[in-house]
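Every number here is computed from the coordinates shown, using simple stated rules; none is lab data. If you're wondering where the values come from, they're calculated on a predicted model, not measured in any experiment.
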Amino acid sequence: MRARIIVTLLAMGLALPSLAQTSSSDAGEAQSASKKCDTLKQRIAKEQSSLASFEQTIATDKKGRETCSTKPMCARYDEAIKKIEARKAQHEARLEKFKSDADAACKTP
């Protein structure tokens, strides 16, 4: 009888630290998920800011293109608009990826 009690107490003594570690690791995982969510939200904000900047640059270059006076100058505007629109498309794709990653990371269980 005493042996059974001792064995039970020893088993409980060994199990308790592992339970404590499990709950602390769960808290650590939740904190890590929250940090990842915050990071992704910051990336989304930066990408949206970049896209707004691209929109402004494209509008400025298109306005310049309308008023250009020489053929080489117009060609430079055309090339600049083409490059910025390509970069804008890349940033839009990155933004969509960040949004989908954020949706997955920020879901609450």
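Please list the non-local residues whose amide H lies under 5 Å from the amide H of C68, H modeled 1.01 Å from N, same-chain partners needing a gap of 5 or more.
none
So what J values fall out for segment 31-45 if you push phi through Karplus, 6.51 cos²θ - 1.76 cosθ + 1.60 with θ = phi - 60°, rounded to Hz, Gly and Pro as x?
Each residue's phi maps through the Karplus curve to give 5, 5, 5, 5, 5, 5, 4, 4, 4, 5, 5, 5, 5, 4, 4 Hz.
If I model segment 33-109 as equal point scatterers sitting on the Cα atoms and use the Debye formula, what is log10 I(q)/I(0) at q = 0.14, 0.18, 0.23, 0.28 Å⁻¹?
Listed by q, the Debye log ratios stand at -0.56, -0.73, -0.95, -1.16.
With an 8 Å cut-off on Cα pairs and a minimum separation of 6 or more residues, tell me the relative contact order of segment 33-109 in percent. Don't jump to the answer; show the numbers that get you there.
Working: 43 pairs, mean separation 42.0, N = 77.
RCO, segment 33-109: 55 percent.
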